[in-house]
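Shown next, in structure tokens, is the structure this report addresses.
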Amino acid sequence: MAATTTTPTSIPILRFEATEACPAPPVPDPRAGLSANQIAALAQAELSISQDPQLTPEQREWADTPCLLRYLRATAPTKDTYDAQAALTKLRGTLAWRAAEKPHELTADAAMREQGALGKQVAHGFSRAGHPVLYMLPRNENSADEDAQFAFVLFNLELAIRRMPPGVEKVVLVIDFNGMTLAKRMSPAMQRRFVDTLSAHYPERLHCACMVNAPWFFWAAWKVIAPFIDPVTRAKVSFVTLDPPGAGKSRSSSMSSLSPSGSASDVSAAAAAAAASPPEPVPQKKPSRFSLGGLFSRSASTPTASAAADEGAPAEPVADGKLMYTQLVTDHLWADYGGDCAFQWDAAAYFAAVDAFLADAEAQRVARVAALVESMRLEAEMPVEDDE
């Protein structure tokens, strides 16, 4: 499954395969640990979805129990209570948006291949806890059409979600700013559109984000969008400094150049097992005056339920720039970032692999919908018991 630095490859790792370094994540009981109020709210949400005649079988299959729990956590008024009506309102807003925008129907067609021709967003590999990894390389931006850019972002988010193995609901982002110029930065309008869409329609989907070599002008943009990002989400961001690709540095020297800032720790069961044999300590630089770690601390207000329930959000931000190496599988991590995978971009090979993966994922989705339809038919045919 894994490539090494002695075997260059252009085939992305899209399918999860359990290994010693990346064990199969546990599939938790969705009701485990919930309070009586939370269980009641979940049951109310499930009943509402199952009895809504306006929803298609496809929409009901999408709004499964893990999905409902994400929306319940995202709208929870307190850490121990859920608000079923607030969650259903938010979820129905997403269902309407998905029906209009159809992000799940985006395919690797000619338009998407044109957007991804230079490899500006690449799905490849997994974290030690099974989270799919999406690399984003702004230096490879090749389009000025913001609608097309946004569609490509949605395509990759939906691809990441389809890559998630059972028990995993979140994605890891590696955003590499090396070589990025002002001309290729995302406009403020695009930044706000991106943040608004993620917040409204992809709640509880970010595990962590590794910002590699962020330039000075990124901080100006960050100050604009940071107030609109939930403090829990901000606490999942880690800023790291690495030698630029092709600098001729070894992995050890690249790792030693990491600078610490606020980041999220993974306390899931799979990550805990991986952490039992952590890598050798890496010398850390003192944070520079540009390290905005203070921005990622929790707000002074009462923590939300999503903060308490989120396995990716620590009680306090962790000053650890080694996030990429402690959480990501080194056999999957690109050599440019100190990993053991000599991934080489080849658009034709990459999109051929994506096409094959999406065809298989779509077949599985169709089978799930068919099973749901059959279950609904059998339930409708069941005789109604007389109360007398």
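The values are calculated or read from the model by the stated rules, or taken from the named source; none is laboratory data. Treat the numbers as computed from the prediction; the structure is a model and nothing was measured. Every residue, glycine as well, gets a Cβ built from its backbone with ideal geometry; the counts of neighbours run over all protein chains shown. Heavy atoms of the whole protein, side chains included, go into the accessibility calculation; ligands, DNA and RNA do not. Shrake-Rupley method; radii C 1.70, N 1.55, O 1.52, S 1.80 Å.
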Inset, instruction - May I ask you to give the percent of accessible area on the stretch 21-108 that is carbon plus sulfur, with a probe radius of 1.4 Å? - result: 56
Inset, instruction - Heads up, I need the accessible area for Arg185: 1.4 angstrom probe, whole protein in place, Å², nearest 10. - result: 120
Legend entry - Accessible surface, per residue, of the stretch 20-59 when the full set of protein chains is kept, probe 1.4 Å, Å²: 60
Legend entry - FRET efficiency, 1/(1 + (r/R0)^6) with R0 35 Å, evaluated for Glu362 and Leu47 via beta carbons: 0.75
Legend entry - His104, His201, reordered so the largest accessible area comes first (probe 1.4 Å): His104, His201
Legend entry - Difference of contour (0.36 nm per residue) and Cα-Cα distance, Ala220 to Arg31: 63.8 nm
Legend entry - Debye intensity ratio in log₁₀ form over the Cα atoms of the stretch 1-90, taken at each q of 0.23, 0.24, 0.25 Å⁻¹: -1.10, -1.16, -1.23
Inset, instruction - Using a cut-off of under 13 Å, list every residue of the stretch 193-219 whose amide N is near the label point 7 Å from the Cα of Arg139 along the Cα-to-beta-carbon line. - result: 212-215
Legend entry - Cα→Cβ-extended label distance, 7 Å offset, between Ala183 and Met376, nm: 5.2
Inset, instruction - Among the listed pairs Lys184/Lys236; Lys79/Lys102; Lys90/Lys120, give every one whose C-alpha distance is greater than 27 Å. - result: Lys79/Lys102; Lys90/Lys120
